[in-house]
Amino acid sequence: MLTIFSLFLTLYILVRVLWRARLSLPLRLSLAVLTTAGACKLLLLRLFFGAYAPEMPRWLQVGTGIPLGIVLLFAALSLGRDALLCVCWLLERGGAGRCWSRLRARDGRISLGLAILALGLTLIAVPEALRIPEVREREIAVEGLPPELDGLRLAQMTDLHISTTFPQAWVRELVSRVNAARPDIILLTGDIMDGSPAQRAADVAPLADLHAPLGVWGCPGNHEYYSDYPAWRPVLRRLGIRMLDNEHALLRHRGRPFLLLGVTDPASSRFGLPGPDLEGTLRKALSVQPDGKAHGDASGLVPMLLLAHRPALFSAIRGRVTLQLSGHTHGGMLLGPDLLVAAFNDGYVRGAYGDARSRLVVSPGCGLWG
């Protein structure tokens, strides 16, 4: 997906804008090189460093992200411009004015304006992307929830991507904000870090300060596997985070039980490790419940909460768990391209899906990658 997306951005801007620009050949070639480097930043990092998240100084990681941001925003704005041109062309063909001809005559100036706007938006967006996120509260209605579980406070943390970009100080303040919300349980739904345990030891250390009466639990995302997940498991355990790899745990709140399930990520297959086993995990969890049912109601059945990094898994388990918490999509990142992100995640990109019997919540995450 990343390769296709990067090449699309590059070709679209080169063919649609730079090829038509009334600029000298050397300037057009220079802009073409910068556009390609910006759009393909992550691919170039993998080519030269052998990894998507090399150990680069923070200033360099952020600095090389600025061209990527400009290209992303310029492409999104240009696509919007072209959508408007298509509408105007249809109107003009139907005899309703000459808006398409007027816009086409100003195409070069419009492209320059969009490029300046993309630069300005990037200079605003980069500090926003690096800031420590606020805690957002969401009330989730669950049909037939036992009264003892009403008001259970879940803190979901996902896609932290702890790295040189999001280092120890950032993590420490994030942990402080989560603890201040006084959750009953803290749940990490993958992509916690980028880098090996040796590289990230100091940066992940503040996670040990996460506190909740029912504990701190997690499931792996794809980046755990890129970062040597087997080596990370004992480290996370020492930090007080219990990872659920196709496992479940029976917890109690105010004396009432509920089940917490967690599955691995499909990226595990690339490393010869167990992939997500939804059916097996559910079957084991159901064995502890009366009548083999999943939802809580007045008869005392136990609600199920599933941790799965990728939201697309909800399609296979909808109606059989009470709530699934996921991340992975980063909220789609941009309006317009978020439709592409949704297409690769079975239509789930951010917010709540499902109904009161079985619901999915997709968090846009805490940090960013690359």
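The values are calculated or read from the model by the stated rules, or taken from the named source; none is laboratory data. Note that the structure is predicted; figures quoted are calculated from it, not measured. Cβ coordinates were reconstructed from backbone atoms using ideal geometry, including for glycine residues, and neighbour counts include every protein chain displayed. We work out accessible area using only protein heavy atoms, side chains counted, and drop any ligands, DNA or RNA first. Shrake-Rupley method; radii C 1.70, N 1.55, O 1.52, S 1.80 Å.
Would it be correct to say that residue 207 is within 27 Å of residue 304 (Cβ to Cβ), under 21 Å from the mean Cα position of the chain (by Cα) and not polar (S, T, N, Q)?
Answer is yes for this residue.
Quickly run through the range 157-209 and pick out the residues that are among the polar types (S, T, N, Q) and either free of Cβ contacts under 8 Å to residues at least 40 places away in the same chain or closer than 15 Å to residue 327 by Cα (or both).
158, 168, 176, 179, 189, 196 - these are the residues of the range 157-209 that are among the polar types (S, T, N, Q) and either free of Cβ contacts under 8 Å to residues at least 40 places away in the same chain or closer than 15 Å to residue 327 by Cα (or both).
Here are some conditions: (1) open to solvent by 50 Å² or more (accessible area, probe 1.4 Å); (2) in contact with a Cys (Cβ under 9 Å, 6 or more places away or on another chain); (3) in contact (Cβ under 8 Å) with a residue 60 or more places away in the chain. Residue 154 meets all but one. Which one does it not meet?
(2)
Can you confirm whether residue 231 is over 17 Å from residue 158 (Cα atoms), surrounded by fewer than 19 Cβ atoms within 10 Å (Cβ to Cβ) and touching a Ser or Thr at 6+ places or on another chain (Cβ under 9 Å)?
Yes, satisfied.
Please verify whether residue 262 is within 18 Å of residue 313 (Cα to Cα) and touching a residue at least 12 places away in the same chain (Cβ under 8 Å), treating the condition exactly as stated.
Answer is yes for this residue.
Determine which member of the set 300, 331 is open to solvent by less than 60 Å² (accessible area, probe 1.4 Å), outside any helix (DSSP H, G or I) and at pLDDT below 95.
Only one candidate qualifies: 300.
From the set of residues in the range 306-328 that are of a type in the set (Lys, Arg) and more than 12 Å from residue 349 (Cα to Cα), which is most open to solvent (accessible area, probe 1.4 Å)?
318
Answer yes if at least one residue in the range 19-31 is modelled with pLDDT under 85 and surrounded by 18 or more Cβ atoms within 10 Å (Cβ to Cβ), and no otherwise.
No, because not a single residue in the range 19-31 is modelled with pLDDT under 85 and surrounded by 18 or more Cβ atoms within 10 Å (Cβ to Cβ).
What's the number of the condition residue 151 fails, among (1) of a type outside the set (Asp, Glu); (2) modelled with pLDDT under 95; (3) part of a loop (DSSP other than H, G, I, E, B); (4) under 25 Å from the mean Cα position of the chain (by Cα)?
So residue 151 meets the others, but not (4).
Residues checked against (1) touching a strand residue (DSSP E or B) at 6+ places or on another chain (Cβ under 6 Å); (2) under 25 Å from residue 180 (Cα atoms); (3) open to solvent by 50 Å² or more (accessible area, probe 1.4 Å); (4) aliphatic (A, V, I, L, M):
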residue: 212; (1), (2), (3), (4): yes, yes, no, yes
residue: 217; (1), (2), (3), (4): yes, yes, no, no
residue: 225; (1), (2), (3), (4): no, no, no, no
residue: 248; (1), (2), (3), (4): yes, no, yes, no
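Restricting the search to the range 166-207, which residues are on the phi > 0 side of the Ramachandran plot and crowded, with 19+ Cβ neighbours inside 10 Å?
190, 191, 195
Of all residues being within 14 Å of the chain's Cα centre (by Cα) and surrounded by fewer than 22 Cβ atoms within 10 Å (Cβ to Cβ) in the range 348-370, which is farthest from residue 76 (Cα to Cα)? Just the residue, please.
So, considering only residues that are within 14 Å of the chain's Cα centre (by Cα) and surrounded by fewer than 22 Cβ atoms within 10 Å (Cβ to Cβ), the one farthest from residue 76 (Cα to Cα) is 351.
Go through 262, 275, 280 for me and flag whichever is among the small types (Gly, Ala, Ser) and modelled with pLDDT of 95 or more.
Answer to the selection: 262.
Is there any pair with a first residue in the range 83-111 that is open to solvent by less than 60 Å² (accessible area, probe 1.4 Å) and a second that is assigned to a helix (DSSP H, G or I) and aromatic (Phe, Trp, Tyr) whose Cβ atoms are under 8 Å apart and which are 6 or more apart or on different chains, and what are they?
Sorted first by the residue in the range 83-111, then by its partner, the pairs are 85/100; 88/100; 92/100.
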